[in-house]
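Worksheet: one structure, shown below.
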Amino acid sequence: MGLINFKANVEFPSGWDDHVRNARVKTSPFKVISCEDQKIFRSWTDHLKSYYILKCPFESRPIRELLIKKEEPRIIDHRGSYNGGFISSVVVLTKKKQATFKKGKQVRNKSKNGGNAAPAF
């Protein structure tokens with residue numbers, strides 16, 4: 001990103017659109033897509049509600065140790081002191097099951113003699 005001056009004096013977020021667009025002029029200017037009217041950029045909480053629990057399931061102030069395992073990414077183990085056992089808390093919601101469709105009739109390839117044949121690859 002050597003063409004863009006990140007220390008430019010820009011007062012509004014829409015000013016970055018003009019600054020990036022004008023950063024390259026000789027071959028062709030950059031094509032800038034405005035993200036101001038997209039829902040995901042305006043309301044992070046509404047977007048993330050479907051993925052995470054809204055309220056922390058444990059008190060965060062007395063925590064001394066956190067343990068997050070690669071094998072169990074939904075669960076955070078924590079404890080309030082350096083001695084003692086860990087307490088497990090679920091932080092990420094479970095994924096909803098995908099809708100499954102009923103299988104219809106299977107189409108079979110018929111060979112020249114009238115029997116069923118496997119498809120040729």
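Every read-out reported here was derived from the displayed coordinates using simple, explicitly stated rules and does not represent laboratory data. Here the structure is a predicted model, which is why all the values come from computation and not from measurement. When we count neighbours, we look across all protein chains shown, and the Cβ atoms used for this are built from the backbone with ideal geometry, even at glycine.
Electrostatic tally near PHE12: other residues with Cβ closer than 12 Å to its Cβ, Lys and Arg +1, Asp and Glu -1, net -4.
For the stretch 53-95, the dipole from Cβ point charges (+1 on Lys and Arg, -1 on Asp and Glu) about the Cα centre works out to 120 debye, to the nearest 20. The modelled label-to-label distance between PHE41 and SER89, using points 7 Å beyond Cα along the C-beta direction, is 3.3 nm.
Modelled spin-label separation between LEU54 and ASP77, with each label point placed 7 Å from Cα along the Cα-to-Cβ direction: 3.1 nm. Entry note, the stretch 5-94: relative contact order of 18 percent, from Cα contacts under 8 Å with a spacing of 6+ residues.
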